[in-house]
Amino acid sequence: MKTSTKKSPFSVKVGLAQMLPRRRYHGRRQRRSSPHGRGSRRLRRHGLGARAADIRAHGGVARMSDPQLIKEIKQSVTIPVMAKARIGHFVEAQILEAIGVDYIDESEVLTPADEENHINKHNFRIPFVCGCRNLGEALRRIREGAAMIRTKGEAGTGNIIEAVRHVRSVMGDIRVLMNMDDDEVFTFAKKIAAPYDLVMQTKQLGRLPVVHFAAGGGSDPSGCSHDDAAGMRWVFVGSGVFKSGDPVRRARAIVQAVTHYSDPDVLAEVSCGLGEAMVGINLNDDKVERYANRSE
Ligand SMILES: O=C(CO)[C@H](O)[C@H](O)COP(=O)(O)O
């Protein structure tokens, strides 16, 4: 599996989140032009509804973004670009690879194309990220060739409760696994429906064998640093940022919060005066569609 040759720890996600590394923000200007400017106006003009919150609000079938739009975004930024393909839609993934995006997110936020099968990611050179709710799901995606894993959370809600649930589930299972006798791993692997070798590797490493992001609903500094504090190494800033009063300021604050997640003084400072937050969606209502349950 190829990894990107670009050195920047940032990326633009087409219509969605940026990936934030913990402790690696140097305050550099990374973009030639802001994704809040030309890029996002184009997203609206093309009617892609490509942010998770918009997809949720608009309904209908959500597909890969227009390749022309993705090419234009690639031309206008210097940082890596991640684009989404529908779950199981290997042709969308082939198109994204052909136009040279840096990463593909096989995403439950788009309408799944295949109810049973994910993309065989070993057939591609481009790195994929896939979502998970638990350890078994994460290791199944890695067996299919995912180079990165993110929690699913509940995209487009501006609510981190599901991301926290998924972080807790994966990290909790890894802790259980680490304390397990080697003889018990066969049954544990069967129980979580994951390949034995990857379960054993996870036990030995004490973490997933690939980079692991917190994602889904992170729309404020405290929420994103909460995911960090719960043991995640990387965070996707959620599309809820774009539904707030001052997205640029909020995004900057989130970068600082994730960087200094263990320093409450910095967290207090960067949380001040950010203006209106995304209203968000409460997830105790059964009528809210769960994107996270769209695939296993
Ligand atoms: O892109 C994703 C999934 O494909 C991210 O997980 C997404 O960021 C989740 O939604 P939100 O942006 O609302 O947090």
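In straight-distance terms, cross-link reach from LYS190 covers every one of the aspartates and glutamates whose alpha-carbon lies under 13 Å from its own, apart from those fewer than eight places away in the same chain; here that gives GLU137.
Applying 1/(1 + (r/R0)^6) with R0 = 35 Å to the Cβ-Cβ distance of GLN68 and ALA193, what FRET efficiency is obtained, to the nearest 0.05? Present the calculation step by step, with values, prior to reporting the outcome.
Numbers: r = 40 Å, r/R0 = 1.14.
That pair, GLN68 with ALA193, gives E of 0.30.
Using the alpha carbons alone, the radius of gyration of the stretch 195-237 stands to its Kirkwood radius in an Rg to Rh ratio of 1.11. Relative to the current alpha-carbon distance between ASN120 and GLN204, full extension at 0.36 nm per residue lengthens the span by 27.6 nm. Surface composition of the stretch 99-154: carbon plus sulfur atoms contribute 39% of the solvent-accessible area (1.4 Å probe, protein chains only, all chains present).
A 1.4 Å probe run over the stretch 63-201, with the rest of the protein chains in place, finds 40 Å² accessible per residue.
A 1.4 Å probe, protein heavy atoms only, puts the accessible area of ARG143 near 100 Å².
From the square roots a ≥ b ≥ c of the eigenvalues of the alpha-carbon gyration tensor of the stretch 141-191, which class results: rounded (a/c under 1.5), prolate (a/b over b/c), or oblate? Since a/c reaches 1.5 but b/c is at least a/b, the shape of the stretch 141-191 is classed as oblate.
Just need the relative contact order of the stretch 140-206 here, percent rounded to a whole number, with Cα pairs under 8 Å and 6+ apart. Show your work: numbers first, answer last.
Details: 41 pairs, mean separation 18.9, N = 67.
Contact order relative to length: 28 percent.
Ignoring solvent entirely, what values of log10 I(q)/I(0) come out of the Debye formula for the stretch 198-277 at 0.21 Å⁻¹ when each Cα is a single scatterer? These q points yield log10 I(q)/I(0) values of -0.86. Residue by residue, the stretch 216-231 carries 3J(HN,Hα) couplings of x, x, x, 10, 9, x, 5, x, 5, 6, 4, 4, 4, 5, 6, x Hz when phi is fed to the Karplus relation 6.51 cos²θ - 1.76 cosθ + 1.60 (θ = phi - 60°); x denotes Gly or Pro. Loop-resident GluC sites (Glu not before Pro) (DSSP state other than H, G, I, E or B) in the stretch 100-199 with no more than 12 further Cβ atoms inside 10 Å of their Cβ: GLU115, GLU116. If R0 is 25 Å, the Cβ-Cβ spacing of GLU269 and THR78 corresponds to a FRET efficiency of close to 0.30.
The values are calculated or read from the model by the stated rules, or taken from the named source; none is laboratory data. The structure displayed is predicted, hence computed values, not measured ones. Every residue, glycine among them, receives a Cβ derived from its backbone with ideal geometry; neighbour counts consider all protein chains shown. Note: accessible area is taken over every heavy atom of the protein model, side chains too, but ligands, DNA and RNA are not part of it. Shrake-Rupley method; radii C 1.70, N 1.55, O 1.52, S 1.80 Å.
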